[in-house]
């Protein structure tokens, strides 16, 4: 699969006058994976996406998407892509139904049942005019149009901005299902939390360059977690001193708090010698990693 | 109605099109209704007292016949201004307006080429333009007998309609081309309107200066009505100039549009 990437860019560069939008981006997204494309506003995420869609043209370098060139094979390529922009802007005078019918027709028709099913899942009323919808509901229309033709590649630019937490969960489920169905997902964000539940890999872009690429699973294993344990009776701290990966140990009667670095195995076995009432290991916060990459890559050098 | 950009554009513009048709035809009908009053000796005398230069500039060069009156009033000033406003407004919206509103990205992220989108939208606008001009022609045709527009035939009005449509098409294509090639709604509106005003001056005021009579030959406004199609029929050369310029502008706009970045 690695030799047949869904997206591949080589030294992709885009200058806006003298300002640099992208500075030699080398990106590789494997077919079938969910790729989180992270960076703060202005790092070049949208520039990259607009280059992939042939909305803008590179100053130099090349991009290949689904084996096709955005410029030369734009029509064939965009037929196989679903695109959602973070700020989904359309003429508000039409209803969601009208817009989706039109966009579906541009793709040669999309079954009404598919559109209805997506709308129902997101709780979207297609009969209302788009200008009468809240920002979140408007964004749902965008989600539907990106997913409705089951594209091979989903390009999502900060997709969940404006969706409430409940819908973000629905969205996460939709991305997972897309992956399960063999679709590739390329999703940009400026916050790790938006992508860490779905992405297989994250690439971090800074000043128009990719500065780090990591597997999310590895990040998870590497990252620090907070642990809280309640025992049936008070325990002594000494029982846990020296357990691999454990630090900042604090025992207060039957309650233990600590930091855990790396695998949980040694700690779990140490806990097993006591009666554990409850155990809480926090989901690692990958945001820290994202921020540390930024702080440690002040020069914007390639570290990936 | 939502099958493609052409039908979509027509569908979206249906209400405003009705407004334009009523407005332009209404203006035409209103002028025509006043013809019997213009015919009276008192009015003819009053008009004769106006300085000839002003009458020329306003296109009122022959008010003694019904066709002269229609050429000067209906087809001479207000209707071409309205048609120009429609054409420049529509041509600007076709690409530049949509781009500035941020709604172009989504469409162009679909399997829709820029050429196809542009051509469909221009075709829809040209259709609307033709509806406006043809209805005006029909309304005036229907008024020939009741109002007594002696000497004006349906054939004359058809020739005038051809010229008016091609004239509108030229400015439509101009605004489209500037918007497609360069983008920016304000810039497109301003430059197209500026050129339209220049074209009007080049056909009316500038030629009054000694030695500058030839300038009018460069003006679409002169190609439109300079040889009085309402009296003399379709002027093939001028009609071809208008049609040719329209085609060149549309082609240039599409060509540049295909080669530039779409603004965010």
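By how many degrees, 0 to 90 and rounded to 10, does the Cα axis of helix B:114-147 deviate from the longest principal axis of chain B?
20 degrees
Under the definition of partner shielding as Cβ atoms of other protein chains within 10 Å of a residue Cβ, what is the mean value for peptide B:258-264? Intermediate results must be reported in sequence, preceding the final value.
Values: counts 1, 1, 2, 8, 6, 2, 7.
Mean shielding count: 4.
Give the order of B:174, B:249, B:240, B:112 when sorted by the count of other beta carbons within 10 angstrom, beginning with the fewest. Display every interim value, and only then the final one.
On the way: B:174 28, B:249 24, B:240 12, B:112 20.
Starting with the residue having the fewest Cβ neighbours, the order is B:240, B:112, B:249, B:174.
In what sequence, highest mean first, do A:110-120, A:233-243, B:20-30, B:77-87 appear when ranked by Cβ atoms within 10 angstrom? Numbers along the way, then the final one.
Values: A:110-120: 15.8, A:233-243: 12.8, B:20-30: 17.4, B:77-87: 20.7.
With the highest mean Cβ count within 10 Å placed first, the list reads B:77-87, B:20-30, A:110-120, A:233-243.
Say R0 is 22 Å: what FRET efficiency, to the nearest 0.05, do residue A:176 and residue A:117 get from their beta-carbon distance? Write down the numbers at each step before the final one.
Values: r = 17 Å, r/R0 = 0.76.
It comes out at approximately 0.85.
Compute the helix-to-body angle for B:14-33: its Cα long axis versus the longest principal axis of chain B, expressed 0 to 90° and rounded to tens.
Roughly 10 degrees, rounded to the nearest 10.
With 10 angstrom as the radius, rank B:154, A:90 by how many other C-beta atoms surround their C-beta, starting from the fewest. Walk me through the numbers on the way to the answer.
Working: B:154 13, A:90 22.
Final ranking by Cβ density, sparse to dense: B:154, A:90.
Fully extended, how many nm does the chain gain between residue A:269 and residue A:238 (0.36 nm per residue separation, minus their Cα-Cα distance)? Write down the numbers at each step before the final one.
Numbers: separation 31, 0.36 × 31 = 11.16 nm, distance 1.48 nm.
Gain on stretching residue A:269 to residue A:238: 9.7 nm.
Give the angle, between 0 and 90 degrees and rounded to the nearest 10, that separates the Cα long axis of helix B:185-204 from the longest principal axis of the Cα atoms of chain B.
30 degrees
Can you list the residues of the stretch B:98-115 with backbone N under 15 Å from a point 7 Å past the Cα of residue A:80, pointing along Cα to Cβ?
B:111
Rank A:122, A:153, A:22 by mean-square fluctuation in a GNM of chain A with C-alpha springs under 10 angstrom and give only the top-ranked residue.
A:122
Using a 10 Å cut-off on Cβ to Cβ distances, tally the other chain neighbours for every residue of A:54-67 and report the average as a whole number. Could you put the intermediate results ahead of the total?
Details: counts 6, 9, 5, 4, 0, 0, 0, 0, 0, 0, 0, 0, 0, 0.
Per residue, the number of nearby Cβ atoms from other chains is 2 on average.
Work out how far the C-alpha atoms of chain B reach from end to end along every principal axis, then list the three figures in whole Å, largest first.
Largest first, chain B extends 65, 45, 29 Å along its Cα principal axes.
With a 10 Å radius around each residue's Cβ, average the other Cβ atoms per peptide and rank A:198-205, A:213-220, B:216-223, A:58-65, highest first. Intermediate results must be reported in sequence, preceding the final value.
Working: A:198-205: 23.0, A:213-220: 15.8, B:216-223: 20.4, A:58-65: 18.1.
Packing order, densest peptide first, comes out as A:198-205, B:216-223, A:58-65, A:213-220.
Identify which of B:206, B:54, B:132 has the largest mean-square fluctuation in a Gaussian network model of chain B, with springs joining Cα atoms closer than 10 Å.
Result for chain B, Cα springs under 10 Å: B:54 fluctuates most.
If neighbour count is taken as other Cβ atoms inside 10 Å, put B:224, B:31 in order from fewest to most. List each step's numbers first, then the result.
Values: B:224 28, B:31 21.
With the fewest neighbours first, B:224, B:31 line up as B:31, B:224.
Residue separation times 0.36 nm, minus the C-alpha to C-alpha distance between residue A:16 and residue A:292: what's the value?
Numbers: separation 276, 0.36 × 276 = 99.36 nm, distance 2.87 nm.
The residue A:16-residue A:292 span can extend by a further 96.5 nm.
With the crude spin-label approximation of a point 7 Å out along Cα→Cβ, what separation in nm comes out for residue B:195 versus residue A:41?
Here the modelled spin labels are 3.7 nm apart.
Pairs of alpha-carbon atoms within less than 8 angstrom and 6+ residues apart define the contacts here; what relative contact order does chain B have, in percent?
On the way: 354 pairs, mean separation 66.3, N = 264.
Across chain B, relative contact order equals 25 percent.
How many partner chain Cβ atoms sit within 10 Å of a residue's Cβ in peptide B:3-9, on average, as a whole number? Could you put the intermediate results ahead of the total?
Numbers: counts 5, 3, 3, 0, 2, 8, 0.
Taking all residues of B:3-9 together, the mean is 3.
Return the FRET efficiency for the residue pair residue B:53, residue B:101: r is the Cβ-Cβ distance, R0 is 35 Å, and the value is rounded to the nearest 0.05. It would help to have the intermediate numbers written out before the result.
Values: r = 44 Å, r/R0 = 1.26.
So, using R0 = 35 Å, E works out to roughly 0.20.
Could you work out how far apart the two model spin labels at residue A:150 and residue A:278 are, taking each label as a point 7 Å from the Cα in the direction of the beta carbon, and quote it in nm?
4.3 nm
Pairs of alpha-carbon atoms within less than 8 angstrom and 6+ residues apart define the contacts here; what relative contact order does the stretch B:54-149 have, in percent?
21 percent.
Can you give the FRET efficiency for residue A:218 and residue B:263, using 1/(1 + (r/R0)^6), R0 = 51 Å, r = Cβ-Cβ distance, to the nearest 0.05? Working shown, then result.
Numbers: r = 40 Å, r/R0 = 0.77.
Calculated transfer efficiency: 0.80.
Once you put a point 7 Å from the Cα of residue A:248 and another 7 Å from the Cα of residue A:26, both along the Cβ direction, what distance in nm separates them?
Calculated label separation equals 3.7 nm.
Quick note: the coordinates plus some simple rules give every number you see, no bench work behind them. Just so you know, these numbers come straight off a predicted model, no measurement behind them. Virtual Cβ from ideal backbone geometry, glycine too; neighbours counted across all protein chains shown.
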